[in-house]
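Since the structure comes first, as structure tokens, the remarks are kept for the end.
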Amino acid sequence: MRLVTRGTALWGMSALALAIWACETTRNPGGIQRDVTSPAIVLTNAAGDTQDIAGGLRFNVSAVDNLALKSIQLTFSGGLIGTLDTTFTGQVKTYAAARTLTFGAGSGAGGSIQIIGRATDGASNFAEDTITIFLSNVEALRVRLVLPAPGTLASTGKGIAVDVIAVQNSGIAKIGFLVSPPGSVTNPTTPPNDSIIFAPPFADSVEYQDTLIVVPSSGTFNVVGFAEDSAGRRGFTNVVTVQIQSVATDVAAPVVAHRIGQRVEVDDTIHVRAQDPSAISWIGFRVDTSNVLMKFDSVNVAAGNLTDVTRHFTLGLQGLSPLPRSIVVRGYACDAAIARNCSFTNSTTLIPSPPLRSKAAYTPPLAPMALIDTVIVVAGVTRALPFGGRIADAIFNGNDSSLYLTNPQLGRVEIFQVSDTSFVAAGIPTAGPQPWGIALWPLDTLGNYKDTIIVANSGGVELSVIDVRAGVRRLAWRQDLPDYIIETYRILTPPLREEIRVFDVSDRPQYVGTVCRVTSGTPNCHADSVFAIYSTLPTASSTPPFNGRATLRMEKLIDTPDTAQLFSHLFWELAGDSTLSSDSRDTLRIEMRRGRPYNEQRVQLTACAGVTIDLARFGLGDSTYVRNSGNFTHAIMGEGGNITTAFARVVGYTSKAPLLGRGTASFCATNGAVDTLGRPIVSDSGEDHRDLGVTPYIDVSDFISNTGVNIHSVATNFNGGTNLVRADSIYFLDEGMKLKGTAEAPVGAFGMDMNYNHAFLAGDPGTPIFGGGGNPNDRIAFSARPDGNIDVWDTFFYGLIGGIVVRDPITGPMRVARNAANTRQWLFGVTVNGVVMVELPVITNPFPSKPPWGPPIR
């Protein structure tokens with residue numbers, strides 16, 4: 001109707017203009033001929049019909065007139081409301097401009113945008129051109145017509161459901177639907193509505209549902225949904241055509257279709273859709289296994305009097321074992337005809353493209369077996385993240401049987417509870433800026449820990465210490481982290497002088513683990529000796545060779561502004577050695593600096609120590625992984641992300657080795673020359689910290705020659721005696737980072753972990769027959785595959801024991817954990833659909849528990 005009205009108005013304006021021109025020429029019979037030539041205008045898109053909002057809305061405007069243009073007006077409607085006017089003051093005959101409209105962060109503009117360009121000349125002649133551009137924006141107004149679905153069947157006097165959903169972050173002001181032709185349906189709702197208008201404050205998502213009664217006995221009608229946001233932007237759904245069929249002497253069974261995944265969990269959903277012109281009275285599904293009926297479930301929907309019904313059922317196969325298990329699934333429905341026609345799935349065309357009874361062309365019937373879905377019921381329960389986002393790291397707290405997961409995109413820690421396999425909706429929103437790595441606060445070296453987590457804030461230079469006790473779940477404190485100044489030290493002549501090159505690496509923390517040193521004679525962590533070991537995320541301001549390079553550091557966890565109690569250490573030991581010297585190596589010097597309010601700067605490694613390094617190899621990859629052992633005495637760090645060395649490096653750590661030089665002043669002359677008073681001309685002073693728990697440089701270098709690039713994950717067992725590195729293969733390492741064996745690691749999945757009770761040394765089977773006391777069924781590791789399976793390995797013989805089948809591939813972190821009583825063990829993995837939890841059965845290790853190589857050679 002708007003097009004008709006608009007066309008009439010334009011015709012009227014033209015007629016009026018002609019009348020005025022006639023009067024003018026009548027008064028000036030010999031006067032000047034009036035300009036009656038309209039200008040021309042062309043709009044073209046500059047970046048395709050679909051454009052991303054990040055690049056702006058880009059289009060070109062070209063206009064021309066025989067005498068002079070007066071103005072160009074651009075009118076925007078749909079996903080962008082507004083006008084742009086350009087007025088010319090001189091004689092401009094041609095105009096060409098490339099327009100780019102930019103949008104601020106969080107803008108709600110987007111979707112289908114219509115642009116109407118109008119060029120007007122001095123005589124008020126005008127011309128128009130129109131283009132439509134789809135502006136892609138996740139924050140834009142989104143409107144979806146859920147029902148009726150494409151291909152819906154209807155019949156006279158029967159109901160047809162309408163369901164429209166609209167989402168926009170600035171709020172929805174109106175939502176509704178349109179039917180064409182309007183007389184095809186009546187609305188029994190009192191009062192009858194086709195839309196709802198909302199008053200402020202506006203909700204960011206709304207849903208409108210209604211049921212219409214079909215009037216004609218044949219033909220078709222169209223349904224389209226629409227919505228308007230608070231800024232007046234309007235969006236439309238796709239148009240659905242509904243086909244009307246006669247119900248006379250209905251003896252045909254309903255058209256039934258179902259949808260289900262190829263792999264399903266015991267509580268997954270099966271979607272069943274049924275259509276019949278006599279309306280659907282019953283709808284459900286059937287499950288068979290080994291030709292035996294396992295489950296038949298249906299629901300009475302006759303009260304709705306609907307010709308098109310979709311229901312979502314839970315399989316409800318809890319208790320089914322063993323898994324994986326093959327089952328046969330079919331949909332089921334009955335119509336409301338006198339004959340009560342019923343059928344199981346009789347079409348394999350599933351939602352959202354439903355089955356149609358088309359008379360236009362004949363299609364041969366499908367074979368019976370083609371209508372049945374044989375699917376696999378797999379292990380695990382998957383739950384979606386409460387508000388989406390992406391998981392960076394995870395840790396399990398056996399005290400409350402909850403998995404804590406960092407969500408840097410939303411700036412929160414998610415909480416998944418084993419007890420009811422659900423997420424705590426509130427989560428922990430006070431986890432700090434971009435929470436990334438996560439670890440537990442150790443209590444002792446027996447595997448016990450507090451209800452406290454440590455979170456590395458990659459959006460700041462700090463660690464967040466969070467109390468996760470039920471009813472508390474709040475930030476305890478944030479621990480500021482220091483900057484480090486890495487320096488190279490040289491003596492130059494002549495004249496005799498020192499040269500110190502300075503590299504400031506004020507990086508942010510990324511992955512984190514925790515260790516502790518014990519109170520003498522006990523397994524209890526000393527209250528003043530709990531440490532966070534963390535890798536850093538490089539900052540853009542770092543200069544070569546530390547641009548894009550990370551470092552490894554340690555920070556004592558303590559809530560105090562007293563610098564005398566604070567302690568931090570940069571792990572230079574992985575790249576430096578005082579026994580090596582070369583013309584290409586530099587003498588290392590390190591300073592630690594804490595800014596206000598601490599105002600502390602301390603030399604932690606002087607030139608006196610004589611530590612030399614290859615500076616270009618000092619920095620690590622920009623995504624270096626950190627994991628601590630279950631007893632908090634060891635840690636493993638793997639160089640991941642973008643690296644500059646030919647091979648990735650892996651570093652081990654043990655808190656059982658001493659930390660030297662802390663609090664001990666050092667002074668030395670760095671050259672033998674003295675002044676007239678006998679004082680050294682050049683000297684250095686400070687402290688010389690050296691942590692003997694870090695894998696020595698030579699061992700890190702040794703491992704480089706035995707592995708490949710691109711480390712994707714690392715894992716360590718309960719006592720730190722077996723370590724896993726996932727790169728081009730899975731590498732099994734001992735405590736000293738010596739390679740013991742390898743296993744397959746398919747590309748495309750990176751999660752990996754060991755049985756929680758795994759306390760074996762990588763080079764020792766550890767079972768009683770070998771002189772140990774371990775259970776071979778604990779000598780097991782798990783690694784994710786890209787096909788959705790999880791491989792199970794023996795960590796001494798490096799052989800595949802078996803597999804666990806889950807629904808979705810694990811694409812993020814994977815953790816194996818136990819409850820506090822050590823009676824149950826779970827595997828958790830992050831998938832594209834959320835978090836999957838698998839309760840692990842006892843896995844029998846078939847590999848030898850006694851020496852397979854026979855009697856010793858004499």
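The values are calculated or read from the model by the stated rules, or taken from the named source; none is laboratory data. Keep in mind that what you see is a predicted model, and the values were worked out from it rather than measured. Here Cβ is always computed from backbone atoms with ideal geometry, including for glycine, and neighbour counts include all displayed protein chains. Accessible surface is based on the protein model in full, side chains and every heavy atom, while ligands, DNA and RNA are left aside. Shrake-Rupley method; radii C 1.70, N 1.55, O 1.52, S 1.80 Å.
As a length-normalised measure over Cα pairs under 8 Å and 6 or more apart, the relative contact order of the chain settles at 6 percent. Here's how it looks for K93: its modeled amide H is under 5 Å from those of L69, which are all 5 or more places away or on a different chain.
Residues of the range 540-574 falling in the label zone of D480, defined by backbone nitrogen less than 13 Å from a point 7 Å along Cα to beta-carbon, are 560-564, 566. For the range 316-329, just list the computed ³J(HN,Hα) in residue order, Karplus coefficients 6.51, -1.76 and 1.60, θ = phi - 60°, integers in Hz, with x standing in for Gly and Pro. Whole-Hz 3J(HN,Hα) from phi for the range 316-329: x, 9, 4, x, 6, 7, x, 10, x, 9, 8, 9, 10, 10. If Lys and Arg each add +1 and Asp and Glu each add -1, what is the summed charge of the other residues whose beta carbon sits under 9 Å from the beta carbon of I283? With Lys, Arg at +1 and Asp, Glu at -1, the neighbours total +2.
Between A47 and I843, 0.36 nm times their residue separation minus their Cα-Cα distance comes to what? Write out the running numbers ahead of the final one.
Numbers: separation 796, 0.36 × 796 = 286.56 nm, distance 5.70 nm.
Extra length from A47 to I843 when fully extended: 280.9 nm.
Placing R0 at 22 angstrom, the Cβ-Cβ distance between A665 and T519 gives a FRET efficiency of 0.20 after rounding to 0.05. Computed with a 1.4 Å probe over protein heavy atoms only, the accessible area of I804 comes to about 20 Å².
Net charge in the neighbourhood of W436 (other residues with Cβ under 13 Å of its Cβ; Lys, Arg +1, Asp, Glu -1) is -1.
The helix-based estimate of mean residue ellipticity at 222 nm for the chain, built from -39,500 (n - 2.57) per DSSP H run of four or more residues and divided by its residue count, is -1500 deg cm²/dmol to the nearest 500. What residues of the range 717-751 lie in the reach of a label at N822, counting those whose backbone N is under 14 Å from a point 7 Å from the Cα along Cα→Cβ? Under cut-off, by backbone N: 718-719. Counting Lys and Arg as +1 and Asp and Glu as -1 over every other residue whose Cβ lies under 10 Å from the Cβ of N757, the net charge comes to +1. Pairs of lysines in the chain whose Cα atoms sit within less than 30 Å of one another amount to 11, provided the residues are eight or more positions apart or on different chains. In order along the range 158-175, the phi-based Karplus estimate (6.51 cos²θ - 1.76 cosθ + 1.60, θ = phi - 60°) of 3J(HN,Hα) comes to 9, x, 9, 7, 10, 9, 10, 10, 10, 9, 7, 5, 8, x, 9, 9, 7, 8 Hz; Gly and Pro are listed as x. Centre-to-centre, using Cα atoms only, the range 156-208 and the range 595-649 are separated by 60 Å. FRET efficiency for the pair A564 and I698, taken as 1/(1 + (r/R0)^6) with r the Cβ-Cβ distance and R0 = 25 Å, rounds to 0.10. Between amide H atoms placed 1.01 Å from N, distances below 5 Å from D373 occur with V329, all of them 5 or more places distant or on a separate chain.
Amide H contacts for E735 (H built 1.01 Å from N in the peptide plane; partners 5 or more residues away or on another chain; cut-off under 5 Å): A762. When semi-axes √(5λ) of the Cα gyration tensor in Å is computed from the coordinates, the matching label among [x] 64, 45, 22; [y] 86, 56, 28; [z] 58, 29, 24 is [x]. Rounded to the nearest 20 debye, the dipole magnitude of the range 761-812 is 40 debye, with +1 charges on Lys and Arg beta carbons, -1 on Asp and Glu beta carbons, and the Cα centre as origin.
Computed with every protein chain present, the accessible area of R497 is close to 100 Å² [probe 1.4 Å]. These residues, E499, E462, go from largest to smallest accessible area, 1.4 Å probe, as E499, E462. Couplings 3J(HN,Hα) for the range 250-263, derived from phi with the Karplus relation 6.51 cos²θ - 1.76 cosθ + 1.60 (θ = phi - 60°), are 6, 10, 8, 6, x, 7, 10, 9, 9, 9, 7, x, 5, 10 Hz, where x marks Gly and Pro.
Annotation: per residue accessible area for the chain equals 44 Å², rounded to a whole number [probe 1.4 Å, protein chains only].
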